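Below: one structure, written as structure tokens.
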Amino acid sequence: MELSKNYVPQATEQKWYDYWNTKGYFHSVPDERPAYTIVMPPPNVTGVLHMGHALNNTVQDILLRRARMQGYNTCWVPGTDHASIATEAKVVNMLREMGIDKNKLSREEFLKYAWEWKEKYGGIILQQLKKLGCSLDWERTHFTMDEGYYKAVINVFVDLYRKGNIYRGVKMINWDPQALTALSDEEVIHKETNSKLTYVRYRIDSDTEEYITIATVRPETILGDTAVCVHPDDERYAHLKGKYCFVPLINRRIPIIFDDYIDKEFGTGALKVTPAHDINDYNLGQKHNLEVIDTLNANGTLSEAAQLYIGEDRFAVRKKIVEDLKTSGNFVKQEDYTNQVGVSERTNAVIEPRLSMQWWCNMDRMAQPALEAVMNDDIRFYPSKFKNLYRHWMSNIKDWCISRQLWWGQRIPAWYDKQGNIYVAPTEAEAKAAYKAAFPDGADELRQEEDVFDTWFSAWLWPMEVFDWDKDHNNKELAYYYPTSTLVTAPDIIFFWVARMIMSGYEYQGKLPFEQVYFTGLIRDKQGRKMSKQLGNSPDLLQLIEDYGADIVRFSVLISSPAGNDILYDESFLEQGRNFSNKIWNALKLVKMWEEKTTQEGLSNSQDGAFATSWMHNRILEARTQIDHMFRDFKLSEALKTIYSLIWDDFCSWYLEWVKPAQDQAMSREVYEKTLSLFEDLLQLLHPYMPFLTEEVFHLLREQQEDLINRQLPAASAADDQVLRQGALLQQLISAIRDTRNKNQLKPKETVSVAIDTANTGFYTAAGHILQRQVNADSLEMATEAPAGWIALVVQTEKVYLDCKIEVDPEAQRGKMQEELEYLKGFLLSVDKKLSNERFVQNAKPEIIENERKKQSDAVAKIKTLEESLSLL
RNA sequence: GGAGGCAUAGCUCAGCUGGUUCAGAGCAUCUGCCUUACAAGCAGAGGGUCCGCGGUUCGAAUCCGUGUGCCUCCA
């Protein structure tokens, strides 16, 4: 078969994905093997694949494919999250484009549109994951609003309500005036904003004309002021104790209060207090029994209570009121000021702190076991630095606002009667029954709560509910797959989601939901900015897959992503990946060429082959052990680098050159077969990272009995150090001689002669022929003294003489050797010093001392060799 | 204001529990090669007071303190 010049991913990826999928390799059924389970962090149903997903899902696929090769029954559950606010915002936008106003629709009509939208676009991201090669168990696909899932969320709410964890109450929350819903603290993004600090003077209620000046970035909230506050120790204002002042424009008489909460240095040291519109002011108001005047409507316009500007938008009023304050004589000045402004993660609208009736879940009790599980490593975090962050949040945990003023989501199962009594029950019928029980003669129509749950109130059940937890808490699948093995996620949802899954896991299964949590980094662009849709700095992933192939995209994100550190993504990684895949492809081509040159006898290279195959085999053994350790620590990036170098450097650059038959010579069948096996072993190590390419090359190498995806990794076994050392010596000899050739400006075709003075002639019997070929030497002889006019060099303790067939300057040679000798002597001195230091010998670990001894003896031997060589020159 | 993280080659970053076979990788640079697997390549080379200062230690890029500069999260 004719192989193309370069690897063409487009031709193979779809083919293999379909093949694996059709063969059922991705589907898991409980059996006697141990399970390795991952539940995918469900992407937003509205989402399209971006870099973050690519990294996250590639990592999961790598872990899973490796586990599959290690004999686990692997199960990777896909799914999507209904993402209430994000999806609702999308649907509202779509309706607006269609000329439909959401507010004119009934709840049912709106939900019909939303479901249509979901059916049409909701599966896109999962399809895209197939392109990436993800070995997901598609038969287990879940959605957080599936019927069964919906019920589970309802049941959990009812249960927690009955346990007394849930209550309804008015608190200050983050209000999104665009989406018209409450948001959790975690859904608010604080952005640095250039604002104006406006200084306004309030007239004091006294006989003389006296004012107190405050500074505010939100002058429109003046209308809701119910006090002015100063620091008790502030001498400037001490005389105002017990006095009142007037809110400008509306002349409301408000007290001047004293509290050490005030920062004397900030602004004028006097703070206007607006309890309805600022959390700190609210707390102050509670403390000083201040009136709360809510001057804003839900949509961000001013309410009747404001008295002025009623119905006008808060930002328009912010400008307008400044003009009016100027007219009234209350305006003092305005300064530029930079502050943090909260905006909605989903709608980007500026958040309004607002007092609002919401549903709350108290987390204190559930937080306890969840905190302990992580602190005592029942659940391990990788990297562990996130434990601190987790502890900090968990030990200061606040009540969770679980209601959202939206339609898309699980509607809160609470019903109200006319008196406002609340009946929480899984179904309306049960709520009615409860009402009847309380009021046997009552005839109220119960009204269901309009709000739905925060998305995370469903997502926190994910690892259980994908195995049908709600139907049967002891079902067979749950018993087999739960707790799941590894959760792979980004650190920015450690509170939103990770912490809450741990809490629900202990609350409802009495068990951890996963054994390890691996946090990937955030992907940033070259300028270090987080990749986001708003910035438009995320590359089009499907285009990248189209252009480069999924394997190379996978390679590029993994090679640059050390555990838990942020990743600066640069397209040069794609080139590195492409070059790598071509390297492998070309190695395949080379090996396939040999197939025809193979003979049974294989006189040409069986000798070289014995040395080379043994060395390469042991290199693979050595690397396997290293890679095992790296995977154990989730150092996936380092493991990939190890495999990369093993294939490129050890296999392609050294091994293949060593066994390559000379021009017009036959290839030994035995060496050929061994080469294929070694190649297969390498492909297997790489397979989790680059599944398509490796499966393709694996099958092109020769007829296979099995597919690479299922090939089992052998148990780890130790490499033979002796063989590895000999290989390293051969490499050093070759490099040193090539370097000398280069420095003497020899052309590649010009031959040299080599003579070696060694105590180790057996090595040259085995590997001498390789050495000779690799340095283009016309002869290789054993010598005991330096031939006149030859260049001398020392490699380890081997004395090497080289005839470059040109004039060499003996002085220059001597100088170079002298230099090396000086360095070695200095080195030896430091080692000697260390070893003669009693405290070192007493304190250091035995293996360290052993190592120093070895360094000492090696240095002594090499110095001796160098000195002998020098004297011979 | 509170908490955490990071500062290593021109660039982007590895370097686990302290010990010159760990000062490393990729890219970039320089030299020589179109050596029939690969020029998207091959063979070599150069390049770093491991942010400043102080401390612990027989020994520190690695631990502690401090300063500076960036970043993130929270208020």
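Out of all DSSP beta bridges with both ends in segment A:751-871, state the antiparallel percent to the nearest 5. If you can, show how the numbers build up before the last one.
Working: 10 of 15 bridges.
Antiparallel: roughly 65 percent of the beta bridges in segment A:751-871.
Show me A:54-63, A:671-680 ranked by packing, highest mean number of other Cβ atoms within 10 Å first. Working shown, then result.
On the way: A:54-63: 24.2, A:671-680: 19.6.
Going by the mean number of other Cβ atoms within 10 Å, highest first, we get A:54-63, A:671-680.
Would you list, by chain and number, the aspartates and glutamates whose Cα falls below 13 Å from the Cα of A:K387, excluding same-chain residues fewer than 8 positions away?
Candidates past the 8-residue exclusion: A:E372, A:D377, A:D378.
Find how many whole Å separate the alpha carbon centroid of segment A:191-250 from the alpha carbon centroid of segment A:813-873.
Their Cα centres are 78 Å away from one another.
Accessible area per residue of segment A:52-112 at 1.4 Å probe, in Å²?
Numbers: 2090 Å² over 61 residues.
That works out to 34 Å² for each residue.
Find how many whole Å separate the alpha carbon centroid of segment A:618-677 from the alpha carbon centroid of segment A:742-803.
26
Once the Cα gyration tensor of segment A:137-269 is diagonalised, what are the square roots of 5 times its eigenvalues, in whole Å and ordered largest first, as equivalent ellipsoid semi-axes? Intermediate values should be presented prior to the final figure.
Details: eigenvalues 470, 67, 41 Å².
Equivalent ellipsoid semi-axes, largest first: 48, 18, 14 Å.
Which of A:K834/A:K855; A:K264/A:K287; A:K833/A:K855; A:K196/A:K398; A:K191/A:K326; A:K23/A:K589 have a Cα-Cα distance over 22 Å? Don't jump to the answer; show the numbers that get you there.
On the way: A:K834/A:K855 11 Å; A:K264/A:K287 19 Å; A:K833/A:K855 13 Å; A:K196/A:K398 32 Å; A:K191/A:K326 30 Å; A:K23/A:K589 28 Å.
The answer is A:K196/A:K398; A:K191/A:K326; A:K23/A:K589.
Given Cα pairs under 8 Å that are at least 6 residues apart, what percent is the relative contact order of segment A:181-352?
Taking the mean separation of contacting Cα pairs over the length of segment A:181-352, I get 31 percent.
How much net charge surrounds A:P30 when only other residues with a Cβ under 11 Å from its Cβ are counted (Lys, Arg +1; Asp, Glu -1)? Walk me through the intermediate numbers first.
On the way: positive: A:R33, A:K476; negative: A:D31, A:E32, A:E477.
Combined, the nearby Lys, Arg, Asp and Glu give -1.
Just the Cα atoms of segment A:360-491, one point each, no solvent: what log10 I(q)/I(0) does Debye give at q = 0.11, 0.16 Å⁻¹?
Values returned for q = 0.11, 0.16 Å⁻¹ are -0.61, -1.03.
Do you know the relative contact order of segment A:720-862, to the nearest whole percent, from alpha carbon pairs under 8 angstrom that are 6+ apart? Could you put the intermediate results ahead of the total?
Details: 134 pairs, mean separation 30.8, N = 143.
The value is 22 percent.
Run the numbers on chain A and let me know its relative contact order in percent, using alpha-carbon pairs under 8 Å that are six or more apart. If you can, show how the numbers build up before the last one.
Working: 1444 pairs, mean separation 106.0, N = 873.
Reported relative contact order: 12 percent.
Using just the Cα positions, wrap chain A in a convex hull and report its mean projected area in square nanometres, one decimal place. Don't jump to the answer; show the numbers that get you there.
Values: hull surface 206.3 nm².
The directionally averaged projection comes out at 51.6 nm².
Show me the ranking of peptides A:547-556, A:827-836 by mean Cβ neighbours inside 10 Å, starting with the highest.
Values: A:547-556: 25.3, A:827-836: 14.2.
Ranking, from highest mean packing down: A:547-556, A:827-836.
Over the Cα atoms of segment A:181-352, Rg to Rh with Kirkwood Rh, two decimal places?
Result for segment A:181-352 is an Rg/Rh of 0.95.
Work the Kirkwood hydrodynamic radius out for segment A:546-719: mean of 1/r over every pair of different alpha-carbon atoms, inverted, in Å. Write down the numbers at each step before the final one.
Values: mean 1/r = 0.0590 Å⁻¹.
Kirkwood hydrodynamic radius for segment A:546-719: 16.9 Å.
Out of all DSSP beta bridges in chain A, what portion is antiparallel? Express it as a percent rounded to 5.
Numbers: 65 of 93 bridges.
Roughly 70 percent of the beta bridges in chain A run antiparallel, per DSSP.
How much accessible area per residue does segment A:251-355 have, in Å², with a 1.4 Å probe? If you can, show how the numbers build up before the last one.
On the way: 5300 Å² over 105 residues.
Each residue of segment A:251-355 exposes 50 Å² on average to a 1.4 Å probe.
Residues with amide H under 5 Å of A:A227's amide H, sequence separation 5 or more or different chain, H placed in the peptide plane at 1.01 Å from N; which?
A:V273
What percentage of the solvent-accessible surface of chain A, computed with a 1.4 Å probe over protein heavy atoms, is contributed by carbon and sulfur atoms?
49
Under the Karplus relation 6.51 cos²θ - 1.76 cosθ + 1.60, θ = phi - 60°, what is the ordered set of whole-Hz ³J(HN,Hα) values for segment A:687-695, x standing for Gly and Pro?
Computed from phi, the couplings for segment A:687-695 are 3, x, 7, 10, x, 5, 4, 5, 5 Hz.
Highest mean first, how do A:511-520, A:313-322, A:631-640 rank when packing is the count of other Cβ atoms within 10 Å averaged over residues?
Working: A:511-520: 21.1, A:313-322: 17.6, A:631-640: 19.4.
Going from most to least packed, we get A:511-520, A:631-640, A:313-322.
What net charge is computed for the residues neighbouring A:T761, neighbours being all others with C-beta under 12 Å from the C-beta of A:T761, Lys and Arg scored +1, Asp and Glu -1?
Details: positive: none; negative: A:D757, A:E781, A:E798.
Net charge around A:T761: -3.
The values are calculated or read from the model by the stated rules, or taken from the named source; none is laboratory data. These numbers come from a predicted model, not from an experiment. Neighbour counts are summed over all protein chains in view; Cβ atoms, including those assigned to glycine, are modelled from backbone coordinates with ideal geometry. Note: areas computed on protein heavy atoms with side chains; ligands, DNA, RNA excluded. Shrake-Rupley method; radii C 1.70, N 1.55, O 1.52, S 1.80 Å.
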